[in-house]
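In what follows, a structure is listed as structure tokens, so that the remarks can point back to it.
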Amino acid sequence: MKELMKLMKARRFLVTLISMIAGLSFGVYLSDATGEQITITWFTEEPSDSYLIVYDGSNEWIHSETEVTLHRFRVSGLRPGTSYAYSVKSMRGDKLVYRGGGVLTTSPQRNSPFRFAAYGDSRSDPEVHKAVTAAIAAENASLVINTGDLVSSDDDMEGWKDFMKAVESLSNSVYYSTIGNHESDAVNYLRFFAYPGNERYYSFWYGDIFFVCLNTNESFDKYSQQYIWFLTELEKAAVLNPAFTIVFFHHPPYSFGPHGDHFYVKEYLVPVFESYGVDIVLNGHDHGYQRMEKNGVNYIITAGGGAPLYEILPGPGLKAYGQSHHYVLFEYTLDGISIQAKSPQGEIIDSIFIRKH
């Protein structure tokens with residue numbers, strides 16, 4: 001590890017630095033974890049250089065002299081399912097501009113239990129969003145998924161600042177998200193986040209579970225590039241026999257909230273879920289909590305991260321619902337997944353156990 005880190009330092013393979021608008025000051029977060037790699041990103045109020053140390057025994061800082069406001073490192077040479085303390089800092093001359101850090105954990109090996117969480121529609125109310133992320137952080141979830149509408153508008157820089165301050169408490173968790181309708185063309189979204197593939201839609205393995213993020217803001221009909229990619233990813237994953245396949249995107253195919261069902265998601269994507277044995281579909285958009293089960297697929301709407309709550313009406317096939325700010329906690333064991341929808345105050349809104357195939 002020490003020699004690998006030295007090599008990366010010498011050749012600058014470790015660092016991707018992106019110029020950003022000055023005037024932002026929010027914290028460090030993790031993304032795109034594999035068994036051997038992880039991405040670390042943070043922001044500073046003023047352009048400054050970048051330091052990172054991963055405490056693996058080498059105790060060497062990785063340094064970039066380039067002064068930027070968006071700082072990003074891709075760290076390689078790690079061990080699967082291993083936790084490392086890490087620290088970041090930024091200096092401008094002799095002035096300390098930012099210091100942060102936490103504990104990063106690489107993706108677990110197969111046949112390993114882990115805990116993860118999901119929530120969405122975190123826009124509009126930063127204080128509620130902070131309460132939700134603080135509650136998730138207390139659960140020690142190693143992975144967190146946001147189901148979209150992170151901010152009220154992609155070009156609202158103050159909204160992004162509030163968002164990043166809220167997710168600072170999740171600096172020990174790997175953060176994934178999907179693009180909601182409020183992110184629109186997602187210009188800033190794509191600058192802020194580093195995800196696999198084309199980053200607008202992507203897939204990844206985390207232990208025994210195969211995750212797929214779709215983007216329902218762009219074409220997903222049978223002739224689209226995204227649809228063909230989705231089928232290919234499911235076929236490749238099937239060979240590796242995932243314990244569960246979980247798909248997440250913003251617009252739900254079924255909903256008893258004011259937005260209702262999304263016709264085109266039902267037309268094009270639901271048949272794929274059923275044909276390929278997708279276990280869980282996570283959505284946002286209709287603000288509140290809903291859970292349905294149709295033809296072997298469990299649909300969960302988790303859209304209570306801070307946006308104004310909508311009225312959810314009971315209906316056929318609706319197993320549970322709640323007009324509440326909340327998050328969903330998943331505990332994967334080798335037998336299956338325990339799922340609880342919880343308010344930030346700890347109230348349990350819904351719970352279910354899904355047995356492994």
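The values are calculated or read from the model by the stated rules, or taken from the named source; none is laboratory data. Just so it is clear, the model here is predicted, and its values are computed rather than measured. Every residue, glycine as well, gets a Cβ built from its backbone with ideal geometry; the counts of neighbours run over all protein chains shown. Surface areas here come from the heavy atoms of the whole protein model, side chains and all, with no ligands, DNA or RNA. Shrake-Rupley method; radii C 1.70, N 1.55, O 1.52, S 1.80 Å.
Here is how the numbers come out for the structure above:
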| read-out | value |
| --- | --- |
| Potential extension, ALA134-ASP221 segment - 0.36 nm per residue separation minus Cα distance | 27.5 nm |
| Segments 221-232, 155-166 sorted - mean Cβ within 10 Å per residue, highest first | 155-166, 221-232 |
| Accessible surface of the chain [probe 1.4 Å, protein heavy atoms]: carbon and sulfur percent | 47 percent |
| Separation of the LEU313 and SER153 label points, Cα + 7 Å toward Cβ, nm | 3.2 nm |
| Within segment 321-354: backbone nitrogen closer than 14 Å to the ARG115 label point (7 Å, Cα to C-beta) | 328-333, 338-342, 346 |
| Peptides 259-267, 172-180 ordered by average Cβ neighbours within 10 Å, highest first | 172-180, 259-267 |
| Segments 35-44, 193-202 sorted - mean Cβ within 10 Å per residue, highest first | 35-44, 193-202 |
| Leading residue at positive end of dipole, the chain (Cβ point charges), from GLY93, SER219, TYR310 | GLY93 |
| Å² per residue, accessible surface of the chain at 1.4 Å | 40 Å² |
| Radius ratio Rg over Rh of segment 183-298, counting only Cα atoms, Kirkwood formula for Rh | 0.94 |
